[in-house]
Amino acid sequence: MTGGGEGDAAAREGHAPLEWRFSQVFGERTAGEEVQEVDIISAIEFDKSGDHLATGDRGGRVVLFERTDTKEHGGSRKDLEKTDYASGRHPEFRYKTEFQSHEPEFDYLKSLEIEEKINKIRWCQTANGAVFLLSTNDKTIKFWKVQEKKVKKIADMNMDSFKSVGNGSIATSSVTSSNKSSHTANGEYTDKSYCSLNKDFSSLGAIQSLRLPVVVTSNETSLVARCRRVYAHAHDYHINSISNNSDGETFISADDLRINLWNLEISNQSFNIVDVKPANMEDLTEVITSAEFHPTHCNTLAYSSSKGSIRLIDLRQSALCDRHSKLFEEQESPGSRSFFTEIIASISDVKFGRDGRYILSRDYMTLKLWDINMDSGPVSTFQVHEYLRPRLCDLYENDSIFDKFECCLSGDGDRVATGSYSNLFRVFGSDPTSTEATTLEASKNPMRRQVQSPSRPSRSLSSSISRVVRRGGESPGNDTNGNSLDFTTKLLHLAWHPTENSIACAAANSLYMYYA
């Protein structure tokens, strides 16, 4: 403990709110431009190094971006970080390549259309200059390898110096006449294609003999995406999560009722490790909403439920993890229950901090930060859009109350972020003493909608909720800064750079990037 106010001032100084600036935008819309459904971004993920970024869309495409600012200045990022010049830079990315990951399918047994939308993307370990990633739609997971390959060209052909004649003349005559060979009555074989080839060569004159073409490797390179494995037919319900294990060999996939464990090398077999399906489906009270492996402990994973609880399980306990090792849930205050209580308590996303000590969860109204060593309640609770509470009935009628917002933590764990409506996203200081609560808009001017009086995160929500609800009730169509709300524009997907204060977020078909 430090005595006096100097220590407190220093602590506050160390957690000063970040000043966010616009960095880049990919796929920016012009005013009035209509967005195609297939172009809307549905997944964002940085790799562990932060040098690559992947997005998936509703059209089943995966788009890759690579970092350019480290390459342009030479040297490794660690060396650049030691120099004064490097401190003024921020991550810059460029388009690398894209590929069609999934196609629309139809399940004839269940008469069910399977849309191509990418639900999740996860990066795997790199090897030999190639990058590997997992992508999934509602039913099928695919393992992709993306690698630069040198372009091979055919050279040293007879026809090189006679391009004016046309490359197709000899080949065409030989192919079209190949079926015209016949036998005469006395058995003699005549091949008309041989005659036509002779005519072609004699017309060129300069060609005395036929040379075999040679395949040569040029200095040009092209990126090739190849599907290495397909993990299919293991889920009866829609896949909502995939997560890599720290062992580099296995991963999990989760749907509403089951979590399966896969080996990356084996695509025709998986092990069911969690099954919450009751014997009678009428007894079903909750479903799995998200699942993630611990970042360093390969035997530990967490999964969330629609009842607002998070379960930590240990794979060493049993083959089928029916029992959890820890349960994290917040008891609701008496008298606060309503028709919407269970709906808004449903957790849409869980993320481990980089060191695995903390878990961040997002429900409809709040972000919660949990310490895995303390299951009595969340360490901090952050109110994302408390001003919407008086409008829950409207949100239920237009189905917005079922929107699934993602969340993310900074690499150092000092800040957390999540999205909201009107293309807004919020950044909070994770320390319980921090008052940082920044509201940003996914546009070239992110601070345009800065909230003047941010809500302070707290363990006890009763007093702050009543205060904010009253303020929201006065102007039900506006946010806390008086801006009109737009429930059709929502920022569901975002990701924090693993080593720097940089955020990538998706607003419809546009990818915005910010740094601080």
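The values are calculated or read from the model by the stated rules, or taken from the named source; none is laboratory data. Fair warning: this is a prediction, and the values are worked out from it, not measured in the lab. All Cβ positions, even for glycine, are placed from backbone atoms using ideal geometry, and neighbour counts span all protein chains on display. Surface areas here come from the heavy atoms of the whole protein model, side chains and all, with no ligands, DNA or RNA. Shrake-Rupley method; radii C 1.70, N 1.55, O 1.52, S 1.80 Å.
Among the residues of the range 337-351, at least one is charged (D, E, K, R) and at pLDDT below 95. The number of residues in the range 356-378 being in contact (Cβ under 8 Å) with a residue 40 or more places away in the chain, open to solvent by 10 Å² or more (accessible area, probe 1.4 Å) and touching a Lys or Arg at 6+ places or on another chain (Cβ under 8 Å) comes to 2.
Looking across the range 312-326, just one residue is surrounded by 13 or more Cβ atoms within 10 Å (Cβ to Cβ), free of Cβ contacts under 8 Å to residues at least 24 places away in the same chain and under 16 Å from ARG258 (Cβ atoms), and that is HIS324. Listed conditions (1) at pLDDT below 95; (2) on the phi < 0 side of the Ramachandran plot; (3) assigned to a loop (DSSP other than H, G, I, E, B) are all met by LYS149, apart from (3). The set of residues from the range 339-353 being surrounded by fewer than 18 Cβ atoms within 10 Å (Cβ to Cβ), among the hydroxyl-bearing types (Ser, Thr, Tyr) and either more than 24 Å from ASP403 (Cα to Cα) or in contact (Cβ under 8 Å) with a residue 40 or more places away in the chain (or both) is empty.
Within the range 361-374, the set of residues being touching an Asp or Glu at 6+ places or on another chain (Cβ under 8 Å) and of a type outside the set (Ser, Thr, Tyr) comprises ARG362, MET365, LYS368.
In this structure, does SER267 turn out to be modelled with pLDDT of 95 or more and farther than 27 Å from SER380 by Cα? So SER267 fits the description; yes. Just to be sure, is VAL38 at pLDDT 90 or above, open to solvent by less than 50 Å² (accessible area, probe 1.4 Å) and either under 22 Å from LEU494 (Cα atoms) or touching a helix residue (DSSP H, G or I) at 6+ places or on another chain (Cβ under 7 Å) (or both)? No. Name the residues in the range 281-311 that are charged (D, E, K, R) and touching a residue at least 24 places away in the same chain (Cβ under 8 Å), would you? GLU292, LYS307 - these are the residues of the range 281-311 that are charged (D, E, K, R) and touching a residue at least 24 places away in the same chain (Cβ under 8 Å). Within the range 292-328, take every residue that is more than 20 Å from LEU409 (Cα to Cα), assigned to a loop (DSSP other than H, G, I, E, B) and under 28 Å from the mean Cα position of the chain (by Cα) and give me the one that is modelled with the lowest pLDDT. Result: CYS321.
Taking the criterion of being touching a residue at least 24 places away in the same chain (Cβ under 8 Å) and open to solvent by 70 Å² or more (accessible area, probe 1.4 Å), the only residue of the range 266-280 that qualifies is PHE271.
When THR433 is tested against (1) more than 25 Å from SER241 (Cβ to Cβ); (2) among the hydroxyl-bearing types (Ser, Thr, Tyr); (3) touching a strand residue (DSSP E or B) at 6+ places or on another chain (Cβ under 7 Å), exactly one condition is not met: (3).
Each row is one residue, and each column tells you yes or no for (1) at pLDDT below 95; (2) surrounded by 18 or more Cβ atoms within 10 Å (Cβ to Cβ); (3) basic (Lys, Arg).
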| site | (1), (2), (3) |
| --- | --- |
| CYS227 | no, no, no |
| TYR231 | no, yes, no |
| SER241 | no, yes, no |
| GLY248 | yes, no, no |
| LEU261 | no, yes, no |
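When GLU98, GLU116 are checked against the criterion of being modelled with pLDDT of 95 or more, of a type in the set (D, E, K, R) and assigned to a strand (DSSP E or B), GLU98 stands alone in meeting it. Within the range 488-516, residues that are among the acidic types (Asp, Glu) reach partners that are not in a strand (DSSP E or B) with beta carbons closer than 8 Å, at six or more positions or on different chains, in the pairs GLU500/GLY50; GLU500/HIS90; GLU500/PRO91; GLU500/GLY411.
In the range 355-413, of all residues being basic (Lys, Arg) and closer than 18 Å to THR433 by Cβ, the one that is farthest from the chain's Cα centre (by Cα) corresponds to ARG357.
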